[in-house]
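Read the structure below first, then the notes.
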Amino acid sequence: MKIKDILDISNGVLLTPGIDLETETKGAFGADLMSDVLASIQPEAVLLTGLCNPQVVRTALIADIRAIVFVRGKMPAVETIDLAAAEEVPLITSPLGLYELSGRLMQAGLPSLEMAMNHPFDQD
Amino acid sequence: MASRYPVISDADAESITRVEELAYELRIEEVMTTNVFTLSPEMTMKAALDSFQKERISGAPVKLGDTLVGLLSIEDLIRCLRDGRIDLTVADYMSDKLITINTFDPVVEALRLFVKTKVGRLPVLDSNKKLAGILTKGDITNGLLKALQRDYQAEELIRYRASHLFEDINSDRTSLILRYNIKKDDFTHGGAASNHIKKALLRLGADPQTARRCGIAVYEAEMNLIIHTDKGGTLRIEIEPHKITMEAYDEGPGIDDVEKAMQPGYSTATEKVREMGFGAGMGLVNIKRCVNEMKLISSKERGTNLFMVMHLDRQVTNQQSYGENK
């Protein structure tokens, strides 16, 4: 699914204009704890989160995340948006809650990119 | 770009973004034409027509002494020919409502003016308001293409040099060491060092999977230094052709119970830290999953030393740490 489709489905607002939205994502993952994200997300995912600080963007870069969607209409700080714009990570804010948005994306065919805790890292 | 309905591929989209960036970075003086052919206001239109033909130009600034007073374009010449008054002077036909641009303006400013005013050329003024050059859309296209070419060559060179670092240098054991000082409670920059490390590894030719795993491990280690130390600590990354050694060390306070700290979900982080999305008690567990070897030494007297190794030889895979887990 392309990032522009996720923007549509989430009724979202793009916070980082000028970034390519044709990029494909392989699935999604939702979490507020960055360690959970680092532990469980597979590459090329879109991250759904309620956490708004710049660490979200840094986590995205480390974990090869393609886009970040803030749920429940949360607005990240300016530093977060600036960092994302500089690193070309698309940021979207969606009025939907984490559960609602997860359900809609799953229904639209976007799979979960969460891997089990005992999944060895070499096999992802 | 001239086509009305351009088909934009991913590769195009990438370079368009860079072109847009360049439009802001490049100054007019870097792309304008200098050594401009100029006319004087008292010249006859016949003389102007002759010089347009001779110089193969379609417009020129008009100067009185040192001062720019107008601009004569091919349209003005046509108007004059239609009037049949080729005997009149340049001053009679030139346009004196001048739209100019400054040498220090960004190129994007000129693009805006071209779109807004539909003029074909802009006289360029220096900081003393003297004519310094002339700018057409063609000049901008040329300037952007040249800048892109420079960019491309510079990036190729850096990438080539970095990925051949270990081959080019001859020693019994070559390694590259990166050090980062991590401050306590510096959440604003939390993860910045780890991102630099990941980018450095990619630049040195590491495969994306290795860079990602090392990135995750040092990110967790970096956040631990920010959250749990008295005064912060140091990240030290040693890169060798066959392995990457990552160390995080600090001077205290030390971990009370190392065995407990290694249990998934165990955390001593404060509520404030948890609100920021950290302190889930998964950091060390994550690290152990990402790297091939991990050692944690901690004491009240000497602080904590976290030692992580990633082997780059394909033969040596994750066996060691996963063997221990089972």
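Throughout, read-outs are computed from the coordinates displayed, never taken from laboratory work. Everything quoted here is computed from the prediction, not taken from an experiment. Cβ atoms come from the backbone with ideal geometry, glycine included; neighbour counts cover every protein chain shown.
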Per the charge dipole of the range B:10-143 (beta-carbon charges, Lys/Arg positive, Asp/Glu negative, Cα centre), the residue among B:L135, B:I86, B:G120 reaching farthest to the positive end is B:I86
Local electrostatic count at B:E222 - Lys and Arg +1, Asp and Glu -1, tallied over other residues with Cβ under 14 Å: +1
D_trans [Stokes-Einstein, Kirkwood Rh over alpha-carbon pairs] for the range B:90-223, 20 °C, 1.002 mPa s, µm² s⁻¹: 107
Aspartates and glutamates with Cα under 20 Å of A:K2, excluding same-chain neighbours fewer than 8 positions away: A:D20, A:E22, A:E24, A:E44, A:D64, A:E87, A:E88, A:E100, A:E114, B:D10, B:D12, B:E14
Do any chymotrypsin sites (Phe, Trp or Tyr not before Pro) in the range B:124-217 lie in a loop, going by DSSP, with at most 11 other beta-carbon atoms within 10 Å of their beta carbon, and if so which? none
Tell me which DSSP H helices of chain B clear both cut-offs, 27 Å or more of axial length from alpha-carbon atoms and a mean Kyte-Doolittle hydropathy of at least 0.0. B:208-228
Residue-normalised 222 nm signal for the protein assembly as shown, counting each DSSP H run of n ≥ 4 as -39,500 (n - 2.57), nearest 500 deg cm²/dmol, is -12000 deg cm²/dmol
Kindly rank A:35-45, B:140-150 from highest to lowest mean number of other beta carbons found within 10 Å of each residue. A:35-45, B:140-150
Towards the positive end of the charge dipole of the protein assembly as shown, with charges on Cβ (+1 Lys, Arg; -1 Asp, Glu), say which of A:P17, A:V71, A:A108 has the farthest Cα. A:P17
Given B:K243/B:K288; A:K74/B:K288; A:K74/B:K199; B:K243/B:K295; B:K97/B:K137, which pairs have Cα atoms separated by over 27 Å? A:K74/B:K288; A:K74/B:K199
Size of electric dipole in the protein assembly as shown: Cβ of Lys, Arg +1 and of Asp, Glu -1, about Cα centre, debye, nearest 20: 560
Rounded D (µm²/s) - the protein assembly as shown, Kirkwood Rh over Cα pairs, Stokes-Einstein at 10 °C, 1.306 mPa s: 61
With Kirkwood's inverse mean 1/r over C-alpha pairs for Rh, give me the Rg to Rh ratio of chain B, two decimals please. 1.26
Quick one: what does P(r) look like for the range B:10-143 with 5 Å bins over all Cα pairs, in whole %? 2, 10, 20, 20, 17, 12, 8, 5, 3, 2, 0, 0
Can you give me the Rg/Rh ratio for chain A, using Cα atoms for both radii and the Kirkwood formula for Rh? 0.93
Taking the Cβ of each residue in B:R159, A:R58, B:R173, B:R213 as the centre, tally the other Cβ atoms inside 10 Å and list the residues starting with the fewest. B:R173, B:R159, B:R213, A:R58
Taking beta carbons within 10 Å but only from partner chains, what does the mean come to for residues A:57-69? 5
Provide the percentage of antiparallel DSSP beta bridges, counting only those with both residues in the protein assembly as shown; round to the nearest 5. 75
Indicate, rounded to the nearest 5 percent, the antiparallel portion of the DSSP beta bridges found entirely in the range B:10-143. 85
Take the alpha carbon atoms of the range B:153-292, find their radius of gyration, then divide it by 2.2 N^0.38 Å using N residues; give the quotient. 1.15
To the nearest 20 Debye, how big is the dipole of the range B:171-325 about its Cα centre, given +1 on the beta carbon of each Lys and Arg and -1 on that of each Asp and Glu? 420
Averaged across the residues of B:273-284, what count of C-beta atoms belonging to other chains lies within 10 Å of each residue's C-beta? 5
